[in-house]
Amino acid sequence: MRATNSVGDSAYSNLASATTPAAQPYIDNLAVAETPIKGSVTGSYTATQANDGVYETIAEKLTGGRVSKRYSELAHQWTFNVAAGSSIDFYANAYRSASPAYETFKFWYSTNGVSFTDMPALTATSDGGAYFAYTLPFTTAQTVYIRLTDTDHFAGHTSIGTVVVDHLLIRSTLGGVPVAPSVAAGAVAPAESSVSVAALSLLAVGSRVNGAQVVDLSWSGATSPNVLVKRTKGTVTVESVTINDGAETDAIGARGTGTYVYTLCESAAPTVCSAPVTVTF
Ligand SMILES: [Ca+2]
Ligand SMILES: [Ca+2]
């Protein structure tokens with residue numbers, strides 16, 4: 001004889017009882033593809049497949065047209081093939097830049113890739129907190145599209161916000177009560193937090209205001225009260241100290257062409273710096 005359940009069959013046995021393999025309580029469906037829509041993307045969807053301190057980062061981009069009408073915007077989409085479940089829940093270990101404060105970032109879901117429904121705002125501004133969690137209103141197996149967008153499109157709101165994504169999953173619970181993933185549990189979390197402390201990420205976006213060069217800087221991962229911004233052109237480096245609020249506009253003011261390399265360092269530990277970022281006008 002042998003025993004059978006939804007997971008499979010036990011080995012044949014001559015005994016009067018047989019044991020089935022333990023039923024897995026859930027299936028974690030990971031992103032299988034992505035569609036960049038608007039914004040600057042660093043990393044790829046494969047970085048979202050594990051909670052490991054390896055990130056996909058999406059930064060807003062400026063619209064074109066008249067300078068006074070410009071604003072920053074962001075949209076990015078991931079595709080999931082979701083298994084059926086008694087409950088299907090979206091989880092994101094992700095955080096947004098603290099600035100600009102007027103910005104709101106949201107995840108949306110869709111089962112046809114055309115009409116999307118929004119979820120509550122993503123409010124975490126640092127790594128290592130609880131997962132963003134949202135119960136999806138269906139239980140059938142199907143393709144699910146998760147989209148991330150900004151919501152502020154006010155003319156003149158040109159500061160660049162970023163969203164940093166470590167882990168995305170859609171959990172199909174196979175029976176019983178849904179079990180939320182925990183950032184704090186397991187051996188991964190301490191390693192992740194040490195990575196995020198060391199990782200100082202900088203984004204620099206060049207634009208022109210009445211022909212003059214302007215660079216919008218935004219960063220995350222710095223822990224000092226102030227940060228040191230280094231701008232190098234050729235052999236000349238200009239340093240400035242600014243408050244560690246995640247964003248700064250560097251009005252260079254020069255016209256014409258130019259190539260600038262920016263590095264951001266902790267003011268309290270000037271050897272702890274971001275990777276250099278190049279802006280070319
Ligand atoms: Ca915006
Ligand atoms: Ca990751």
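The values are calculated or read from the model by the stated rules, or taken from the named source; none is laboratory data. Just so it is clear, the model here is predicted, and its values are computed rather than measured. Using ideal geometry, Cβ is built from the backbone for each residue, glycine included, and neighbour counts are taken over all protein chains shown.
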> strands (runs of 3 or more DSSP E) wholly in region 111-174 with at least 2 residues that are under 13 Å from the mean Cα position of the chain (by Cα) and of a type in the set (Val, Ile, Thr) - which ones?
Replying inline: 142-150, 162-173
> Quick one: is THR232 surrounded by 15 or more Cβ atoms within 10 Å (Cβ to Cβ) and at pLDDT 85 or above?
Replying inline: yes
>> I'd like the full set of residues that are in contact (Cβ under 8 Å) with a residue 24 or more places away in the chain, of a type outside the set (Val, Ile, Thr) and under 19 Å from LYS106 (Cα atoms), limited to region 129-146.
In response: GLY129, ALA130, TYR131, PHE132, ALA133, TYR134, LEU136, TYR145
>> Looking only at residues that are at pLDDT 95 or above and within 15 Å of ligand 2 (Cβ to nearest atom) in region 168-196, which one is nearest to THR125 (Cα to Cα)?
In response: LEU168
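Which of the residues spanning region 68-86 are part of a strand (DSSP E or B), of a type in the set (A, V, I, L, M, F, W, C) and away from ligand 1 (no atom under 16 Å from the Cβ)?
If the condition is that a residue be part of a strand (DSSP E or B), of a type in the set (A, V, I, L, M, F, W, C) and away from ligand 1 (no atom under 16 Å from the Cβ), then TRP78, PHE80, VAL82 are the ones that fit.
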>> Checking GLY221 against (1) buried (at least 18 other Cβ atoms within 10 Å of the Cβ); (2) modelled with pLDDT of 85 or more, only one condition comes out false. Which one?
In response: (2)
> Identify, please: which residue in region 54-67 is surrounded by fewer than 21 Cβ atoms within 10 Å (Cβ to Cβ) and farther than 16 Å from PRO100 by Cβ and is, among those, farthest from ligand 1 (Cβ to nearest atom)?
Replying inline: VAL54
> Counting just the residues of region 43-53 that are surrounded by fewer than 17 Cβ atoms within 10 Å (Cβ to Cβ) and of a type outside the set (S, T, N, Q), which one comes out nearest to ligand 1 (Cβ to nearest atom)?
Replying inline: GLY43
> Which residue, of ASP152, ASP118, is in contact with a Ser or Thr (Cβ under 7 Å, 6 or more places away or on another chain) and either in the same structural domain as SER87 (by TED's automatic domain parsing) or farther than 30 Å from ALA222 by Cβ (or both)?
Replying inline: ASP152
>> Can you say whether ASP89 is away from ligand 1 (no atom under 16 Å from the Cβ) and under 14 Å from the mean Cα position of the chain (by Cα), as far as the supplied structure shows?
In response: no
> Which numbered condition trips up ALA33, out of (1) more than 16 Å from ligand 2 (Cβ to nearest atom); (2) touching a Leu at 6+ places or on another chain (Cβ under 8 Å); (3) over 19 Å from ASP150 (Cα atoms)?
Replying inline: (2)
>> Show the residue pairs meeting these rules: Cβ distance below 6 Å; 6+ apart or different chains; first residue within region 251-269 and in the same structural domain as PRO225 (by TED's automatic domain parsing); second residue of a type in the set (Phe, Trp, Tyr).
In response: THR257/PHE281; GLY258/PHE281; LEU264/TRP219
